1. Taking the stated definitions as given, is B:Pro44 under 30 Å from B:Tyr13 (Cα atoms), in contact (Cβ under 8 Å) with a residue 24 or more places away in the chain and away from chain A (no Cβ under 14 Å)?
2. Given the structure, is A:Thr135 closer than 30 Å to A:Asp234 by Cα, open to solvent by 10 Å² or more (accessible area, probe 1.4 Å) and β-branched (Val, Ile, Thr)?
3. Give the residue that is farthest from B:Arg173 (Cα to Cα), with candidates limited to residues of segment B:51-73 that are open to solvent by 60 Å² or more (accessible area, probe 1.4 Å) and within 12 Å of chain A (Cβ to nearest Cβ).
4. Which of the residues spanning segment A:182-228 are touching a residue at least 40 places away in the same chain (Cβ under 8 Å), of a type in the set (D, E, K, R) and open to solvent by 50 Å² or more (accessible area, probe 1.4 Å)?
5. Counting only residues that are of a type outside the set (A, V, I, L, M, F, W, C) and farther than 24 Å from B:Ala90 by Cβ, give me the helices (runs of 4 or more DSSP H) lying completely in segment B:180-240 with at least 1 of them.
6. Identify, from the list B:Phe116, B:Phe93, the residue that is at pLDDT 95 or above and under 14 Å from the mean Cα position of the chain (by Cα).
7. For B:Gly76, which of the numbered conditions (1) open to solvent by 20 Å² or more (accessible area, probe 1.4 Å); (2) modelled with pLDDT under 95; (3) within 29 Å of B:Val22 (Cα to Cα); (4) more than 14 Å from every other protein chain (Cβ to nearest Cβ) fails to hold?
8. Go through segment B:127-175 and report how many residues are within 14 Å of chain A (Cβ to nearest Cβ) and farther than 30 Å from B:Phe38 by Cβ.
Amino acid sequence: MSSTAIPYEKNGYTLYSNHLCPYAQRALRAFKAAGVPHKVVEIDLNNKPAWYAQVNPQLKVPALKTPDGTILIESLVVAEYVAEEFPSAGLLPSSALERAQLRLFIEIFSSRFNPFIYRILGTSDADEQKKHTETLLSGIRAASKELQEQWERPSGQGGPFWANGRFGFAEIALVSLVNLLTVVDHYRGVKVPETQDYAAFNRWRDAFTKDPLFTEFNPSQDVLFSAYKKFVVDN
Amino acid sequence: MDNNEITIGDSVYPYTKDGFTVYCSPLCPFDQRVLCAFKVAGVPHSTVRINIQNPPWWYGLLNPPLTTGVLRTPDGTVLNESMAIVEYVADSFPSANLMPSDAIGRAQLRMFVELFNSRFNPIIYTILTASTVERQKSQTQLLLSGAQSASIELEKQWQRPSGGGGPFWQGDRFGFAEIAVAPFLNLLVVLKHYRGMEIPRTEEYAAFNHWRSAVSKDPSFAEVRPADDDVIAAFGKLVI
């Protein structure tokens, strides 16, 4: 197989992506937010092209080919690369401590939210679903608390976004995963309470849902639910 | 460095005034990352030992999740995730050169660490807790595949100018990659003891083994690694 079989942008950025994948959306939003031109190559995850293994042997999206030919994988690594390579876009906070606090916030979701979305869908056992939902909600409460604390810091500016009054790195990293709440609501009836414990989270979610950086890459509800049907176990 | 106490309402917790305090459990690999980062960067810090099975009453005030490997910074900020803390140390003390300064170099380094975070470190635990021989075997295959991929990445990196022929990710400098992964490489002694599992000495693992050997001899890591017997005993509790 010749390397010319791999589509890419000569002297530019090529993002191998899938418009329905929440992880790939992180990379799409990072490029958009930074205002960096890039070519998007859509990879059909149900029918991956043979050449894609040469781009990413793990066969996952997103993958980024940079102008000098370097391949980067892992959605957060790609998003962080964009933020660091284009600092004038102001996607990351300026101090080491603020960057650490931002990483901690993102990690709350990585450990106590993202996997549980899939686990709730992936079991037909009501007790298991309940257990995973408890963990998910506890992650959301932890995130809500963190948001409240952040909004009191100078960079938080009282919210509703994580920092600087606008859609930034925290949102880039998280909105597509948080939006999967619509999917667990649709298939499992999971809802986020409207109580005080969740108030900051709900305020944040309401704000980012209206932002163009969210809506531009957010699939319609029907398309999203249909795409996630394959994760739903109902035996 | 002196330890001081402050009063928060009518509560008290120990910390170092105007300094860095690490609250840690020395046998925990995640905590070892934090200690190692400070040592390699040469940043003064004090440590407060926390018994994770029986934390002091005040610990929940400092860190409600009650996890260890927690950093209190001089201005009182508390950070409680090992990777975020290691990045913070690298960021705050750039002259320690724990990471490269270019965005691509940093991305490649983070990818390498993420390879271990997803395809190696957690598998060590699943091999130990696997209740059937079949599962032990299948998880072992996964671990070996992770080690092989790491070997390939190391070889690629050593050919780049920044890799300078190894043996570490950044040439002759023990840095971010080693800080993040060394405590987990060290757990291979536990796998050998309880599962008779070893990384083969074949060509596909050559770079991995060369790197692992260099990591095990490094003086900074030597200061935080527990004795093999202690690690083996501590992790014995997980083994089914």
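1. yes
2. Judged against the criteria, A:Thr135 is a match.
3. Across segment B:51-73, the extreme among qualifying residues is B:Pro64.
4. A:Asp197, A:Arg203, A:Asp206, A:Glu216
5. B:188-195, B:206-217, B:228-236
6. Going through B:Phe116, B:Phe93 in turn, the sole match is B:Phe116.
7. (4)
8. Number satisfying all stated conditions: 5.
The values are calculated or read from the model by the stated rules, or taken from the named source; none is laboratory data. Fair warning: this is a prediction, and the values are worked out from it, not measured in the lab. We place every Cβ from the backbone using ideal geometry, glycine too, and count neighbours over all the protein chains shown. SASA here: full protein model, heavy atoms, side chains in, ligands and nucleic acids out. Shrake-Rupley method; radii C 1.70, N 1.55, O 1.52, S 1.80 Å.
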